[in-house]
Amino acid sequence: MKVVVAHNRYASGQPSGENVIVDAEIAQLGAAGVTVLPFLRSSDEIGTFSTAQKVLLPLSPIRNGESQKALAALLKSEKPDVVHLHNPYPLLSPTVVKTAHAHGVPVVHTVHNYRQVCAPGLYFRDGHICTECRGKAFPLPAVTHTCYRGSKAQSAVMAATLAYHRGTWKQVDHFIALTDRIAAHLTDFGIPAERITVKPNGIPDAGAATAPGDGFLYAARLTPEKGLELALDAWSRHEDGALGPLRIAGDGPLRPLAERAAATRSDVTYLGPIDNAGVRAEIARAACVIAASTWHDVLPTIVLEALSGGRPVLVTDRGGLPYLAGDAGWVVEPEPAALAEGLSKARDGAAALAPVARARYESQFSPDVLTERLIEVYRAVTR
């Protein structure tokens, strides 16, 4: 089987989790015997554009003729069985679907966010969940609230893109929903359930930790929607040292909040930004991993990393988090009192759930299981 994987990589310095996931999936497919033809563009390219190209850049999400010509040439020369689309913005555009169909190639699309409806793709605005654009033919609230990059002009272009491509998305042959929450988003958008498969991302297995852990790890972008303020509020409701240590890893606009917590409490340590190997090492040191998102988080990789390491998770009931945690942790409302109570339960019960966490990873999230599920989707759309 021959598959074109189309993805617009995020620029350097932006959240790169999706890039890592796509790279891992390409490697996993190759190891399973699939011939993968990467069709990748990067937002880093924008810095090299000519003045004329930059003038036309705002229109790229709508079509991007240069990318369509290059994709058409690849499809004509390689004659793949499937095009697998990930992130199309800004340099690919959803027009990839029409280009593939023009060459008789079916399209599978992995949905990483809510951008069929929401301009920034988060359903989150000004510190709270926002679904004002859901059900609207033209998402005018996105323009009113300057939801896309804080710019009214760019928000208007993205809103126009979403309106223009509502029909394009409905032409996709099959959707990969990373969790049940994304599947519900797609059915609400009008996609028939039979054209949706729930298949989370898989991450390489680093192996379960061999020794018991101690305390908690919070590892995420330090942004409001990831819930650092919520986690620290809940933590502060316990006496210093009562829960064991809390280690915070990551960077972002809320970094001063993490630094202040580390300066005022002896049981809080701020590790700063660390690489993937460092995150896995910290998972092994902890007894439980916290994911305190206050938005409908799609699929935070830290939860999969925790389960792979044999560590249970304490998560909020937002987005895909309950689906990921399953029976390998605790699910609470995103409120300080509820999370504080969850911390107590996790402190007392983490050791008992460690083998459950590892078993959940092996049965639900290991690359072998998920790659075979993805290949079956490819087979289904090519029958």
**Study point:** Residue that is touching a Pro at 6+ places or on another chain (Cβ under 8 Å) and open to solvent by 10 Å² or more (accessible area, probe 1.4 Å), where the choices are LEU232, LEU271, LEU254
**Key:** LEU254
Review point. For region 147-156, does any single residue satisfy the condition of being in contact with a Cys (Cβ under 8 Å, 6 or more places away or on another chain) and over 26 Å from ASP23 (Cα atoms)?
Key: yes
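This table checks each residue for (1) surrounded by fewer than 20 Cβ atoms within 10 Å (Cβ to Cβ); (2) over 23 Å from HIS84 (Cβ atoms); (3) among the small types (Gly, Ala, Ser).
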residue: PHE124; (1), (2), (3): no, yes, no
residue: LYS136; (1), (2), (3): yes, yes, no
residue: THR161; (1), (2), (3): no, no, no
residue: LEU186; (1), (2), (3): no, no, no
Exercise for review: Being open to solvent by less than 10 Å² (accessible area, probe 1.4 Å) and more than 20 Å from ALA159 (Cα to Cα) is the filter here, so list the residues in region 82-104 that pass it.
Suggested key: VAL82, VAL83, HIS84, LEU85, ALA100
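Every residue, every condition in (1) surrounded by 16 or more Cβ atoms within 10 Å (Cβ to Cβ); (2) of a type outside the set (A, V, I, L, M); (3) at pLDDT below 95; (4) closer than 17 Å to TYR218 by Cα, yes or no:
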position: ALA306; (1), (2), (3), (4): yes, no, no, yes
position: GLY310; (1), (2), (3), (4): yes, yes, no, yes
position: LEU324; (1), (2), (3), (4): yes, no, no, yes
position: TRP330; (1), (2), (3), (4): yes, yes, no, yes
position: PRO334; (1), (2), (3), (4): yes, yes, no, yes
position: ALA337; (1), (2), (3), (4): no, no, no, no
position: LEU343; (1), (2), (3), (4): yes, no, no, yes
position: ALA346; (1), (2), (3), (4): yes, no, no, yes
Check your understanding: Just for region 348-380: of the residues that are in contact with a Pro (Cβ under 9 Å, 6 or more places away or on another chain) and open to solvent by 50 Å² or more (accessible area, probe 1.4 Å), which one is nearest to ASP81 (Cα to Cα)?
Key -> GLN364
Exercise for review: Check whether at least one residue in region 143-155 is of a type in the set (A, V, I, L, M), over 21 Å from LEU40 (Cβ atoms) and buried (at least 17 other Cβ atoms within 10 Å of the Cβ), and report yes or no.
Suggested key: yes
Review point. Checking SER67 against (1) open to solvent by less than 40 Å² (accessible area, probe 1.4 Å); (2) at pLDDT 95 or above; (3) part of a helix (DSSP H, G or I), which single condition isn't satisfied?
Key: (2)
Point to revise | Tally, over region 171-201, of residues that are assigned to a loop (DSSP other than H, G, I, E, B) and either closer than 17 Å to GLU372 by Cα or touching a residue at least 40 places away in the same chain (Cβ under 8 Å) (or both) | key: 8
Check your understanding: Somewhere in region 143-153, is a residue of a type outside the set (A, V, I, L, M) and under 20 Å from VAL97 (Cα atoms)?
Key -> no
Study note, to complete from the structure: Listed by range, helices (runs of 4 or more DSSP H) wholly within region 202-297 having at least 1 residues that are touching a residue at least 60 places away in the same chain (Cβ under 8 Å) are 228-236, 276-285
Study note, to complete from the structure: Scanning region 124-155 residue by residue, those part of a helix (DSSP H, G or I) and over 17 Å from ARG166 (Cα atoms) turn out to be VAL143, THR144, LYS152, ALA153, GLN154
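The values are calculated or read from the model by the stated rules, or taken from the named source; none is laboratory data. Values in this document were obtained by computation on a predicted structure and should not be read as measured data. Please note: Cβ atoms are built from the backbone with ideal geometry, for glycine as well, and neighbour counts cover all protein chains shown. In case anyone asks, the SASA skips ligands and DNA or RNA and just uses the protein heavy atoms, side chains included. Shrake-Rupley method; radii C 1.70, N 1.55, O 1.52, S 1.80 Å.
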